[in-house]
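The values are calculated or read from the model by the stated rules, or taken from the named source; none is laboratory data. This structure is a prediction, so every number in the text was calculated from the model and none was measured. In this analysis, Cβ positions are derived from the backbone assuming ideal geometry, glycine residues included, and neighbour counts consider all displayed protein chains. When the accessible area is computed, the model is the full protein with side chains, heavy atoms only, and any ligands, DNA or RNA have been set aside. Shrake-Rupley method; radii C 1.70, N 1.55, O 1.52, S 1.80 Å.
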Amino acid sequence: PAEAVDIAGVVRAASTITGATLRAGGVELVAEVPPGLPRAWARDIPLEQVVINLLVNARDAICAAGAGGRVTVRAAAAGGAVVLTIADTGPGFAPHCLARAFEPFFTTKAPGKGTGLGLSIAATTIRRFGGTIEARNGATGGAEVEIRLRAAGAGPSLEEDPACTLSHA
């Protein structure tokens, strides 16, 4: 079952776990989480795993482009949701990759470097919490992945409201 999760704590934990790996690749990590952000319906550990996967994917994309860069994790409250955006300064998604980003076993990494399951598992995890996940290219380049989860103060969790259904957006 989902619970009211502190998004700032999730971002902190994921940043701590991946920080050294990102820095070793010449990638700066910036977290923009405002104070007073509402809690979101999710589970701590699975949500941390999603964020870790997205941070590592962003690092891999930046490093594959051959230069250092930055990954920014932004959190905000918007319309009864908590929105978590992971944006990087890498090359962004190729159009054919963007269309298949969350497809199981789809990867752009070299053989032996990825299974193609990370984004698929991330999407399944977020959808289990009744949230949505979207991949896109940033307005000024790079890739962005946006996660929307119901804010804990915005209504019941999926477990408390049997009329809710999972979103497949």
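Assuming V33 fulfils every condition listed in (1) hydrophobic (A, V, I, L, M, F, W, C); (2) within 25 Å of S120 (Cβ to Cβ); (3) in contact (Cβ under 8 Å) with a residue 24 or more places away in the chain; (4) open to solvent by 40 Å² or more (accessible area, probe 1.4 Å) apart from one, which condition is it?
(2)
Assuming A76 fulfils every condition listed in (1) surrounded by 17 or more Cβ atoms within 10 Å (Cβ to Cβ); (2) under 18 Å from E134 (Cβ atoms); (3) at pLDDT 95 or above apart from one, which condition is it?
Among (1) surrounded by 17 or more Cβ atoms within 10 Å (Cβ to Cβ); (2) under 18 Å from E134 (Cβ atoms); (3) at pLDDT 95 or above, the lone unmet condition for A76 is (1).
Which of the following residues is in contact with a Phe, Trp or Tyr (Cβ under 9 Å, 6 or more places away or on another chain), modelled with pLDDT under 90 and surrounded by fewer than 19 Cβ atoms within 10 Å (Cβ to Cβ): L119, L158, L98?
Within the list L119, L158, L98, the selection yields L158.
Please state which one of T72, T85, T89 is hydroxyl-bearing (S, T, Y), touching a strand residue (DSSP E or B) at 6+ places or on another chain (Cβ under 6 Å) and under 17 Å from I126 (Cβ atoms).
Answer to the check: T85.
Which numbered condition trips up V50, out of (1) touching a Phe, Trp or Tyr at 6+ places or on another chain (Cβ under 8 Å); (2) modelled with pLDDT of 95 or more?
(1)
Each row is one residue, and each column tells you yes or no for (1) under 24 Å from G130 (Cα atoms); (2) loosely packed, with under 14 Cβ neighbours inside 10 Å.
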{"position": "I7", "(1), (2)": "yes, no"}
{"position": "R12", "(1), (2)": "yes, no"}
{"position": "A24", "(1), (2)": "no, yes"}
{"position": "P38", "(1), (2)": "yes, no"}
{"position": "V50", "(1), (2)": "yes, no"}
{"position": "A58", "(1), (2)": "no, no"}
{"position": "I62", "(1), (2)": "no, no"}
{"position": "R70", "(1), (2)": "no, no"}
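Can you run down the residue pairs with Cβ atoms below 6 Å, 6 or more apart or on separate chains, where the first is in the stretch 140-152 and closer than 12 Å to V83 by Cα and the partner is of a type in the set (D, E)?
As it stands, the answer is E146/E134, since those pairs meet every condition given.
So that you can scan it fast, the table gives a plain yes or no per residue for (1) at negative phi; (2) open to solvent by less than 20 Å² (accessible area, probe 1.4 Å); (3) at pLDDT below 85:
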{"residue": "A81", "(1), (2), (3)": "yes, yes, no"}
{"residue": "F93", "(1), (2), (3)": "yes, no, no"}
{"residue": "P104", "(1), (2), (3)": "yes, no, yes"}
{"residue": "P111", "(1), (2), (3)": "yes, no, yes"}
{"residue": "A123", "(1), (2), (3)": "yes, yes, no"}
{"residue": "N137", "(1), (2), (3)": "yes, no, no"}
{"residue": "G141", "(1), (2), (3)": "no, no, no"}
{"residue": "C164", "(1), (2), (3)": "yes, no, yes"}
{"residue": "H168", "(1), (2), (3)": "yes, no, yes"}
